[in-house]
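**Student:** Shown below is the structure under consideration.
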Amino acid sequence: MDTGKCQHVISGHNDIIRQVQFYDRFLLTASNDSRIRMWDLSLLDSIKPQPSTMEMREIYRTFTDSESASAQENDDWSNDSPRMIESLESTTPFMTPTIYRQVPAQELCCENTFVGHTDAVTCFQAADNTLISGSADKTIREWDLTSGTMRQIIDITWATRDPQTLRVSSAAESNRRASWATTRSSLQGLNIYSNDTGTESGDGGFIGALQFYEFALATGSSDGYLRLWDLRTAQAHRQMVGHSHSVTSLHFDDRSVITGSLDGTAVLWDLRMGRMLQKLVFGNSVTSVQLVQGKGAHIAYTAECWIAA
C-alpha cells in the first residue's frame with residue numbers, strides 16, 4: 001500500500017466482478033458468473049515464485065541443456081544412464097490419470113466458493129460470520145462464512161406479495177409514478193440500459209444493493225424501492241419508494257438510510273419514520289453512497305464528482 005505497486009493478481013471468475021470486500025485476512029469477490037469466492041490473502045505470498053527459486057530453475061535448465069548436448073556429441077552417456085534418471089527423480093507420489101487434475105496455484109488460496117445462485121451476484125455483505133448476497137435470480141441468500149453452508153433463501157418476488165407485511169401508501173406510489181414521468185426524458189439523455197443483471201458497467205440489477213446489521217436487512221431493487229426486512233421471519237416489514245429507476249447503492253446507520261439510483265438521484269430517509277428527508281439530483285447515475293458519522297452529513301458519488309452535504 002505504501003508504494004502503490006500491484007502485489008498480486010487473482011483470477012478466479014469467468015465474468016465481470018461486481019463487488020469485493022475485505023473480511024479479516026480474507027478477500028471476498030462476487031461475479032456475474034453467479035459465484036462468491038473467499039480468498040485467503042495470507043497464502044498469496046507462499047504461491048508466488050521467489051526470485052531465488054526462479055534463478056535456480058534457470059540455472060538448472062541451462063546446465064541440463066548444455067550437458068545433454070555435450071553428452072550427445074561425445075556419446076558418453078545415454079538417456080537411460082543413472083545420472084539422467086537421478087536428475088529426473090521426483091518426491092511427488094505417482095497419481096493415476098483418473099484422479100490427477102492440474103490445479104492453478106491461486107486455487108489453493110480459495111478458502112470457500114459459495115455456489116447456489118443461478119444468475120449474477122449483484123451485491124453482498126460479510127459480517128459476524130454471516131454472508132448475505134443478492135442476485136439477479138431474484139433471491140437473497142444467507143450463508144455461514146465458516147462452513148460455507150446456506151442458512152436460508154428469501155425469494156423477493158414471493159416475500160413481497162403479502163400486503164400486510166408492506167407499509168407503502170397509495171400517495172407514495174402516485175408520487176413515484178409522477179416522478180418517473182417527470183424524469184423519463186432526462187433518463188433518455190443518460191443512455192441507460194438496465195435489466196435484472198444491471199448495466200454493462202455492473203451497476204444496479206434486480207437487487208442492486210443490500211446491507212444488514214444483526215437481524216435487520218435493507219435492500220434496494222430495480223423497481224426503485226428500498227425494503228426493510230427481518231431476517232428472523234424472512235419478511236419485508238416496510239418499503240419506501242423514492243426512485244424511478246434501479247437502486248444501485250445504499251447505506252444506513254441507527255437513524256438514517258441513503259440510497260442512490262440510476263435515475264441520477266440520491267435520497268436520504270428517516271429510518272424510524274420511513275419518510276424522505278432530502279433528495280439530491282445529479283447529472284448522471286449515482287453508483288455509490290455512504291453516510292458519514294457526525295452531524296448527519298452524507299456523501300454521494302456520481303460519474304462526475306463527489307458531493308458532500
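**Student:** So, Q211, is that one at pLDDT below 95, assigned to a strand (DSSP E or B) and closer than 17 Å to Q19 by Cβ or not?
**Tutor:** No: the conditions fail for Q211.
**Student:** Just a yes or no: is a residue in segment 239-261 of a type in the set (K, R) and closer than 25 Å to Q152 by Cα? First the steps, then the outcome.
**Tutor:** Taking segment 239-261 and keeping what is of a type in the set (K, R), we get 255.
Okay, now just the ones that are also closer than 25 Å to Q152 by Cα, so none.
No, because not a single residue in segment 239-261 is of a type in the set (K, R) and closer than 25 Å to Q152 by Cα.
**Student:** Return the pair list, or none, for Cβ contacts closer than 6 Å from residues in segment 248-274 that are within 16 Å of R238 (Cα to Cα) to residues that are of a type in the set (K, R) and open to solvent by 10 Å² or more (accessible area, probe 1.4 Å), at least 6 apart or on different chains.
**Tutor:** Once the first residue is within 16 Å of R238 (Cα to Cα) and sits in segment 248-274, its partners that are of a type in the set (K, R) and open to solvent by 10 Å² or more (accessible area, probe 1.4 Å) give L271/R255; G274/R238.
**Student:** Output the residue which, of all residues in segment 1-35 that are among the hydrophobic types (A, V, I, L, M, F, W, C) and part of a loop (DSSP other than H, G, I, E, B), is surrounded by the most Cβ atoms within 10 Å (Cβ to Cβ).
**Tutor:** My answer is I10.
**Student:** Which of (1) open to solvent by 80 Å² or more (accessible area, probe 1.4 Å); (2) over 22 Å from the mean Cα position of the chain (by Cα); (3) modelled with pLDDT of 85 or more is the odd one out, the single condition Q290 does not satisfy?
**Tutor:** The failed condition is (2).
**Student:** Additional query: Kindly indicate the residue of segment 226-264 that is assigned to a strand (DSSP E or B) and of a type in the set (D, E, K, R) and also nearest to E214 (Cα to Cα) among those meeting that condition.
**Tutor:** D230
**Student:** I've got another one for you. Among all residue pairs at least 6 apart or on different chains, which show Cβ distances below 7 Å where the first residue, located in segment 3-16, is within 15 Å of P104 (Cα to Cα) and the second is part of a loop (DSSP other than H, G, I, E, B)?
**Tutor:** Matching pairs, first to second residue: H13/D33; N14/D33.
**Student:** Same structure again: Just to be sure I understand the filter: pairs with C-beta atoms under 6 Å, separated by 6 or more residues or on different chains, first member in segment 128-142 and under 18 Å from T113 (Cβ atoms), second member of a type in the set (A, V, I, L, M) and part of a loop (DSSP other than H, G, I, E, B). Which pairs pass?
**Tutor:** Listed by first residue and then by second, the contacts come to N129/L145; L131/L145.
The values are calculated or read from the model by the stated rules, or taken from the named source; none is laboratory data. Just so it is clear, the model here is predicted, and its values are computed rather than measured. Quick reminder, even Gly has a Cβ in these numbers, built from the backbone with ideal geometry, and neighbours come from all protein chains shown. Heads up: the accessible areas ignore ligands, DNA and RNA and are worked out on the full protein's heavy atoms, side chains in. Shrake-Rupley method; radii C 1.70, N 1.55, O 1.52, S 1.80 Å.
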